[in-house]
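Read through the structure below, which is laid out as structure tokens, and then see the notes.
The values are calculated or read from the model by the stated rules, or taken from the named source; none is laboratory data. Keep in mind it's a predicted model, so treat the numbers as computed, not measured. Note: ideal-geometry Cβ built from the backbone for every residue, glycine included; neighbour counts use all protein chains shown.
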Amino acid sequence: MQSILTDDPDSCYDFRKTSLSDEMEAQMEPATARVLGPHDGKAGFLGSIGVRFMIDGAAAEQRFAIVEHPMGPRALAAPVHRHNREDEYSWVIEGRVGALLGEDVVIGGPGDLIFKPRGQWHTFWNAGDEPARILEIISPAGFEQFFAELVDLGGVTQTSPDAFAGLCERYQLEMDPDSIPGLIERFDLRFPSDPL
């Protein structure tokens, strides 16, 4: 993967090399067919939910990336936020996953796909008392590197507010941390949560 650094916000992603992203790069070969087993790929904890890196942008010519998010019972994934560069598609593998999409609340079960388009304020959570897992398809690729950097920083609970704000700015991600208490109360959630 080539590292592209730019100060132009309308340009391509500002990829930052991190120890986890370096390891991912060493393991990923562009456009090669392969089978990824249920325990393959680097994994980490984001502070409330997990992440397993399955296909990064380099392996898909930057068209998309796929990560898996395991979530503990009642875990809130993130504050209400919006992406300005990418769409997200969450395919529910296990459990029940809730999502706030603008003003709409949806619940998806195994086999359901939740579409979170760029520019829309949203969040998601485990809506059940058992573990849940989703495959997150990110298009175009690049945002998977946000997760890699956050893992390297120790997750959201271990990251300084300034470092987290800088991370969000690099990936054109807007966050509303003030939304957390209302989400916890409204949907009976936990944030942060424990790793699975």
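Going through region 131-147 one residue at a time, which ones are in contact with a helix residue (DSSP H, G or I) (Cβ under 7 Å, 6 or more places away or on another chain) and either farther than 10 Å from D56 by Cβ or charged (D, E, K, R) (or both)?
Those that are in contact with a helix residue (DSSP H, G or I) (Cβ under 7 Å, 6 or more places away or on another chain) and either farther than 10 Å from D56 by Cβ or charged (D, E, K, R) (or both): E144, F146.
Mind checking which residues of region 139-194 are among the aliphatic types (A, V, I, L, M), outside any helix (DSSP H, G or I) and within 16 Å of the chain's Cα centre (by Cα)?
A141, L153, V156, L173, M175
For region 22-111, list the strands (runs of 3 or more DSSP E) that sit wholly inside it and hold at least 1 residues that are at pLDDT 95 or above and of a type in the set (G, A, S); which are they?
So the answer is 43-45, 50-55, 65-71, 87-94, 97-101, 104-108.
Just give me the residues in region 43-66 being within 16 Å of G155 (Cα to Cα) and touching a residue at least 60 places away in the same chain (Cβ under 8 Å), in sequence order.
Those that are within 16 Å of G155 (Cα to Cα) and touching a residue at least 60 places away in the same chain (Cβ under 8 Å): G44, F45, L46, G47, S48, I49, G50, V51, F53.
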